[in-house]
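S.K.: Would you mind keeping the following structure in view while I ask a few things?
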2 protein chains.
Amino acid sequence: MNLARAQQTLLRSLYTRHGRKKSGLCVAEGIRSVGELCAAIPDAVEFFVCLPGVRPPVDCAPVYEVSESVFSSLSATVNGQGLLAVARIPAPADNSIVPMDPYLLALDRVGDPGNFGTICRTAKASGLQELWLTTGSVDPYGDKALRAGLGSQFSMRIRFFADLQSLAEAANAFGYGPVWLTDPHQGENLYHVEDLYRKSVLVIGSEGAGVGELAGASRVTIPMPGNFESLNAAQAATIFLFEAVRRQFS
Amino acid sequence: MNLARAQQTLLRSLYTRHGRKKSGLCVAEGIRSVGELCAAIPDAVEFFVCLPGVRPPVDCAPVYEVSESVFSSLSATVNGQGLLAVARIPAPADNSIVPMDPYLLALDRVGDPGNFGTICRTAKASGLQELWLTTGSVDPYGDKALRAGLGSQFSMRIRFFADLQSLAEAANAFGYGPVWLTDPHQGENLYHVEDLYRKSVLVIGSEGAGVGELAGASRVTIPMPGNFESLNAAQAATIFLFEAVRRQFS
């Protein structure tokens, strides 16, 4: 089948937040991300675009084979794997569903798509099923966030809240608390807080401004023996997420 | 002072491995990286380039103030901080110096500059002072590696070895061993190996090929409850490095 010009224009528009908002669609790129998409929500796929010799993992939507020059005009990566999928953006999670995770990971205005994607896939790898976000966080379904997240977004339950206050209230209503704000400079030593992951809310802050203020919340920090403050949001989140794994499995 | 055309051409050449090799120089960009450079090896700085209003942190070399258009023609980043430094590349570490680290972190052909830089600064943050590399690893002083590493390279002792075998032999000669190969798929559970950091050698493998084979070495892995294999070399290294911090401080 031929990929119509209108579809090509549509696809290119999905690399902007405006284009995604207007159409309600997003674009997943690469074998891993498209694979996650097809495994998690195959019905959401509208169509695939691929190079000759490349096939989508599931036959759940029309497949358009295009030439290298057309493909590279549609792709955001330089050395892509020759596979793209256009899919409907998942509706925001129903905030009345009872969360099942042992603790909640919240991102407060994490704006870098690479950090967001890395945190999302690391959270999934660690066994979490949800991610709670405040307004001002990056679009989880932007192309960069999906690439960095390897499409893990499609199988995580992502909830949205106006701010940290309303996020904490919603968590409390489900019996989650206290709220721990992760802080690069001050707070209790992560390794000394015994109940850090016991039905708590762990908040990772934005790269620039750090985590916001929240009355009644405590701060927790990663000890840094080398005296070189250098962990970005994704590195810090990885340490917090796998300390939870350690406590669970050792 | 005016930045001569020859110096501009030289500076631009430093964004290629060939240019760095030919001149023995490298370029550090941004306030943090340049700050680390000036703190660690001020004598290595040849000159600074900055936008009006920006100053280097130390007066250790000539400063050239240039216009925005000249600066952006010399910079590899789009929204830079208006500060560059050209410096002599540190000579390879003297491999006869006795290492002082409690365990050794080795990178086996880690080729991605972003991963390398992140691992370098996280290693420094965790308190290590050395990084051991095999041939095939990325140039530690390339501009991308320096940006990702925030210039931590300038204060770490970086040793080079032809391959994993000769690296292990050198480590053994200093009394370090056994060698643990970190593996995404198999091996002992990181959280169950009691003497993982006791005068051992911990090897992080390349992104594509993984860690090489080495007779007599054991494998260690990160448990992944979410069944989503998604940790890149930098995330995995972060988990290993901060598990060492945890054992030291709790």
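Values in this text are rule-based calculations from the coordinates and carry no lab data. What you see is a predicted model; the values in this text were computed from it and never measured. Because the Cβ atoms are built from the backbone with ideal geometry, glycine has one as well, and the counts that use them run over all protein chains shown.
S.K.: What are the extents of the Cα atoms of region A:43-105 along their three principal axes, listed from largest to smallest and rounded to whole Å?
M.R.: Principal extents (largest minus smallest coordinate, Cα): 47, 24, 17 Å.
S.K.: Further question: Given the options A:A209, A:I222, A:C38, identify the residue whose Cα lies farthest towards the positive end of the charge dipole of chain A (+1 on Cβ of Lys, Arg; -1 on Cβ of Asp, Glu).
M.R.: A:C38
S.K.: Running Debye on region B:5-88 with equal point scatterers at the Cα sites and no solvent, what base-10 log of I(q)/I(0) appears at q = 0.13, 0.15, 0.26 Å⁻¹?
M.R.: -0.35, -0.47, -1.44
S.K.: Restricting to DSSP H runs of at least four residues, report the calculated mean residue ellipticity at 222 nm for chain A, -39500 (n - 2.57) per run over all residues, nearest 500 deg cm²/dmol.
M.R.: Rounded to the nearest 500, it is -9500 deg cm²/dmol.
S.K.: In addition: Only Lys, Arg, Asp and Glu count, each charged at its Cβ (+1, +1, -1, -1), so figure out the dipole size of the protein assembly as shown about its Cα centre, rounded to 20 debye.
M.R.: Values: 42 positive and 48 negative charges, 161 e Å.
In total the dipole reaches around 780 debye.
S.K.: Hey, another quick one. Placing one identical point scatterer on every Cα of region B:125-221 and ignoring solvent, what is log10 I(q)/I(0) from the Debye formula at q = 0.10, 0.20 Å⁻¹?
M.R.: -0.29, -1.15
S.K.: Distances longer than 23 Å among the Cα atoms of chain B: what percent of all pairs is that? Present the calculation step by step, with values, prior to reporting the outcome.
M.R.: Details: 16129 of 31125 pairs.
For chain B, the share of Cα pairs beyond 23 Å comes to 52 percent.
S.K.: Within 10 Å of each Cβ in peptide B:237-243, how many partner chain Cβ atoms are there on average? Round it to a whole number, please.
M.R.: Numbers: counts 2, 9, 10, 1, 3, 13, 4.
Counting Cβ atoms of other protein chains within 10 Å of each residue's Cβ and averaging gives 6.
S.K.: In region B:148-250, which trypsin sites (Lys or Arg not before Pro) fall in coil by DSSP and have 13 or fewer other Cβ atoms within 10 Å? Each step should come with its number before you reach the end.
M.R.: Details: sites: B:R157, B:R159, B:R198, B:K199, B:R219, B:R246, B:R247; in loops: B:R198, B:K199.
Filter output for region B:148-250: B:R198.
S.K.: I want to check a number: in chain A, how many lysine pairs have alpha carbons closer than 27 Å, given a sequence separation of 8 or more or different chains?
M.R.: Lysine pairs satisfying the spacing and distance rule in chain A number 5.
S.K.: Can you pull the one-decimal nm distance between simple spin-label points at A:V70 and B:V98, each 7 Å off the Cα toward Cβ?
M.R.: Rounded to a tenth, the inter-label distance reads 6.9 nm.
S.K.: Would you kindly state how much longer the chain becomes between A:Q81 and A:Q186 on full extension, computed as 0.36 nm times their sequence separation minus their alpha carbon distance, in nm to one decimal? Each step should come with its number before you reach the end.
M.R.: Working: separation 105, 0.36 × 105 = 37.80 nm, distance 4.33 nm.
Full extension from A:Q81 to A:Q186 adds 33.5 nm.
S.K.: Which percentage, to the nearest 5, of the DSSP beta bridges contained in the protein assembly as shown is antiparallel? Spell out each step's value before the answer.
M.R.: Working: 22 of 68 bridges.
Restricted to the protein assembly as shown, the bridges split so that about 30 percent are antiparallel.
S.K.: Compute the acute angle (0 to 90°) between the alpha-carbon long axis of helix A:113-125 and the principal axis of greatest extent of the alpha-carbon atoms of chain A; round to the nearest 10°.
M.R.: 70 degrees
S.K.: While we're looking at this one, here's another question. Just to check I understand the Karplus step: with θ = phi - 60° and J = 6.51 cos²θ - 1.76 cosθ + 1.60, what whole-Hz values come out for region A:175-185, glycine and proline as x?
M.R.: x, 8, x, x, 9, 10, 8, 6, 9, x, 10
S.K.: How do the peptides A:147-153, A:187-193 rank, highest first, by the average count of neighbouring beta carbon atoms within 10 Å per residue? List each step's numbers first, then the result.
M.R.: Details: A:147-153: 26.3, A:187-193: 16.0.
Descending mean neighbour count gives A:147-153, A:187-193.
S.K.: Which residue fluctuates the most in chain B, going by a Gaussian network model with Cα springs under 10 Å, if the choices are B:R109, B:R55, B:R20?
M.R.: B:R55
S.K.: What percent antiparallel are the DSSP beta bridges of chain A, to the nearest 5?
M.R.: Details: 11 of 34 bridges.
Among the beta bridges of chain A, antiparallel pairing accounts for roughly 30 percent.
S.K.: So if R0 is 30 Å, what FRET efficiency would B:I31 and B:F249 give, r being the distance between their Cβ atoms, rounded to the nearest 0.05?
M.R.: On the way: r = 30 Å, r/R0 = 0.99.
FRET efficiency, B:I31 to B:F249: 0.50.
S.K.: Calculate how many DSSP beta bridges within region A:117-250 are antiparallel, expressed in % of all such bridges and rounded to the nearest 5.
M.R.: Working: 1 of 15 bridges.
The answer is about 5 percent antiparallel.
S.K.: Now a separate question. Once you place label points 7 Å from the Cα toward the Cβ at B:A91 and B:A209, how far apart are they in nm?
M.R.: Computed distance between label sites B:A91 and B:A209 equals 3.1 nm.
S.K.: Quickly rank B:205-213, A:26-34 as a protection proxy: mean count of other C-beta atoms within 10 Å, highest first.
M.R.: Listed from highest to lowest mean packing, they are A:26-34, B:205-213.
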